[in-house]
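Just below is one structure, and these are the notes that go with it.
A short reminder: the numbers here are calculations on the coordinates, not readings from a lab. The model shown is predicted, which means the values in this text are computed figures rather than measured ones. Ideal geometry is used to build each Cβ from the backbone, glycine not excepted, and the neighbour counts take in all protein chains shown.
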Amino acid sequence: MQIVHPLSAPVQRYLEEVADVDRYRPDHCPQCQVKHPLTGHGFYHRTLVDIAFNGIIRVRRYLCRSCKRTTSLLPDLALPWLRFSVSVIALFLVARLLTGLTLLASARAAAQATMPYQRGQFWIRRFRAQAPTLSLTLAALIAPPTAADFVLRALHMLESTGWIAAHRFLFSQLRVHLLGWPAYLAPHGRRTTLAAVSPMS
Ligand SMILES: [Zn+2]
């Protein structure tokens, strides 16, 4: 399974911190709940596109000696199964759905001027479908504002909470994916192992 690395920081700092196995070593197993620090178990690699970063990052893996299962620590600026960071997608969605910019201008706002417009449409489609669940779930953090629809309500709640803080909450506590789980992985809410899945766009 994956849990999030509790760090809202530039990718560069993450790359430095991930080298230290002790820095965020879980003190118990999130799968079998045994109260014993997990053992370092190497890394897996994945691609990540952030505002000022486009490359491969290492994701730290830990092994539970009791249940023999691994837990990986995904940095909280990254989304499972998506190559693009929370910040990039947030900038795009806010530009398009809150500010009302064109797809191209929204891509530029997210520092992705050359990306295919279909990618932005995909993010919007996923976000629209996920907006009611996001609004309801984030109500545990912040009072829902008055808004014309679920999409605007969810956007305002994410803006107020901070997208990465909200993502950390959604993912680690309730297993809700910001853009919804893809059908081939798992229904949302179900604990799953994602380490073997390559991120897509
Ligand atoms: Zn365990």
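Sequentially through segment 145-154, phi angles give Karplus couplings (6.51, -1.76, 1.60; θ = phi - 60°) of x, 6, 8, 5, 8, 5, 5, 5, 4, 4 Hz, Gly and Pro residues having no value and appearing as x.
Taking label positions 7 Å along the Cα-Cβ direction at both Ile56 and Ala111, the computed distance is 2.2 nm, reported to one decimal. Please find the FRET efficiency linking Gln33 to Ala129, where r is the Cβ-Cβ separation and R0 is fixed at 41 Å, and quote it to the nearest 0.05. For Gln33 and Ala129, the calculated efficiency is 0.80.
Each of Asp20 and Arg65 was given a label point 7 Å from its Cα along the Cα-to-Cβ line. The distance between the two points is 2.3 nm. Restricting attention to segment 29-106, close to 95% of DSSP beta bridges with both partner residues there are antiparallel. With a cut-off of 14 Å between beta carbons, the residues surrounding Ser66 carry a summed charge of +3, where Lys and Arg count +1 and Asp and Glu -1. Its convex hull of Cα atoms gives segment 102-167 a direction-averaged projected area, equal to a quarter of the hull surface, of 4.7 nm². Judged by the mean number of other Cβ atoms found within 10 Å, the most tightly packed of the peptides 67-80, 117-130, 15-28 leads the ranking 67-80, 117-130, 15-28. Net charge of the neighbourhood of Leu152, taken over other residues with C-beta under 13 Å away and scored Lys/Arg +1, Asp/Glu -1, is +1.
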